[in-house]
Every structure is written in C-alpha cells, then in structure tokens.
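Notes follow once the structure below has been shown.
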Amino acid sequence: MFTGEYRHSVDDKGRIAVPARFRAQLDDGAFVSKWVDGCLAIFPRSGWDELAEKVSALRLADADARTFSRFLFASAFEVSLDRQGRLVVPAGLRDWAKLGNEAVVVGSRDHLEIWSPALWDAYSREMGTPDALLEHLTGLGI
C-alpha cells in the first residue's frame, strides 16, 4: 500500500526519486500517466494491469468511457527505476502536471501520485478544513 507525502527534486533529465520504501513494489516495472486532478500517477505493473482490465470492461458505447481510456492510455509510459531509485518522467507529462525542479510524491493506496508543489499545497489547504472533508465524504458510506 502506498501512503505518505514526500518532497523530491526533479533533475534536468526529468528524474524523480521514488521513496525508498516503495521501490520494491515497482521492481517488476511501472507505468506513469496523466491522472485526475492535474497530477500524474505511477502504477506498479500489477496495478496497471488491473486498471487496464477495468477500463476494458467499460461499455464502448459510453463516450465518457472512451474519453477516459484515451486520456489514460495515450499519455502512459512504461518506466523503470535506475540504480538510485529514480524514474524518468517524460517532458510532456512534466509540462502537463506543471512540474518544475520539485515534486510532491503522494501515496494513494494502490498507486503513487506526482504533484507540482503549488497544486498539492492548494489541494491540501482545501481538503484540510473539516467541512470540506465532510462534504466529500457524504454519500461514500464511510
């Protein structure tokens, strides 16, 4: 399970260090892709395969399903960790996610998310109020 929040630098080649505690989960390979809320997602190969199965089960006649499938798979890149536990995020994805020389790596249960610090800080402030959090929990059954 991926949990926690980590701040890492992004070097000139677009490499970002994966927190050491998560590297073993990505040993079999990983995929990085655009994700919801303006961030990027890193899925371990097994998690990516599960997500791909779910997307393939969506109705082809559903325009929203086709849009999500294109959004996800058109922007996806297979990545692997180097000896120092870094992965290269392609320039197009870095630009889309507004990443500069710093990134926030956030655990999100079955995947990691990569956020620009400014977007993550704004999102965290918004979710940091009890009323906002309760509003988002309404109807989730938690």
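The values are calculated or read from the model by the stated rules, or taken from the named source; none is laboratory data. It should be emphasised that the depicted structure is a prediction, and the values quoted were computed from it without experimental measurement. FYI the Cβ positions are ideal-geometry reconstructions off the backbone, even for glycines, and counts take in every protein chain you see.
For residues that are surrounded by fewer than 11 Cβ atoms within 10 Å (Cβ to Cβ) and either closer than 15 Å to residue 12 by Cβ or touching a residue at least 60 places away in the same chain (Cβ under 8 Å) (or both), tally how many sit in region 83-99. Final tally of qualifying residues: 2.
Of all residue pairs spaced 6 or more apart or on separate chains, those with beta-carbon atoms under 7 Å, a first member in region 113-125 that is in contact (Cβ under 8 Å) with a residue 12 or more places away in the chain and a second member that is among the aromatic types (Phe, Trp, Tyr) are 113/35.
Can you confirm whether region 100-123 contains a residue that is of a type outside the set (A, V, I, L, M, F, W, C), touching an Asp or Glu at 6+ places or on another chain (Cβ under 6 Å), surrounded by 12 or more Cβ atoms within 10 Å (Cβ to Cβ) and within 29 Å of residue 23 (Cα to Cα)? Within region 100-123 (the criterion being of a type outside the set (A, V, I, L, M, F, W, C), touching an Asp or Glu at 6+ places or on another chain (Cβ under 6 Å), surrounded by 12 or more Cβ atoms within 10 Å (Cβ to Cβ) and within 29 Å of residue 23 (Cα to Cα)), the answer is yes, since at least one residue qualifies. Identify, by number, the condition in (1) within 16 Å of the chain's Cα centre (by Cα); (2) surrounded by 10 or more Cβ atoms within 10 Å (Cβ to Cβ); (3) more than 21 Å from residue 6 (Cα to Cα) that residue 132 doesn't meet. Evaluating residue 132 over (1) within 16 Å of the chain's Cα centre (by Cα); (2) surrounded by 10 or more Cβ atoms within 10 Å (Cβ to Cβ); (3) more than 21 Å from residue 6 (Cα to Cα) leaves (1) as the failure. Summed over region 43-82, the residues that are at pLDDT below 95, assigned to a loop (DSSP other than H, G, I, E, B) and of a type in the set (D, E, K, R) give a count of 2. For region 38-50, a tally of residues being closer than 20 Å to residue 24 by Cβ and touching a Leu at 6+ places or on another chain (Cβ under 9 Å) returns 5.
When only residues in region 98-127 that are outside any strand (DSSP E or B) and of a type in the set (Lys, Arg) count, which is modelled with the lowest pLDDT?
Taking region 98-127 and keeping what is outside any strand (DSSP E or B), we get 98-101, 110, 116-127.
Filter once more, so that each one left must be of a type in the set (Lys, Arg): 98, 125.
Details: 98: 97, 125: 88.
Looking at the filtered set, the residue picked out is 125.
Just to be sure, is residue 12 in a loop (DSSP other than H, G, I, E, B), of a type in the set (D, E, K, R) and in contact with a strand residue (DSSP E or B) (Cβ under 7 Å, 6 or more places away or on another chain)? No. Considered as a group, the residues in region 100-129 that are hydroxyl-bearing (Ser, Thr, Tyr) and within 12 Å of the chain's Cα centre (by Cα) include one that is farthest from residue 26 (Cα to Cα), and that residue is 116. Among the residues of region 69-95, not one is of a type in the set (A, V, I, L, M, F, W, C) and over 16 Å from residue 31 (Cα atoms).
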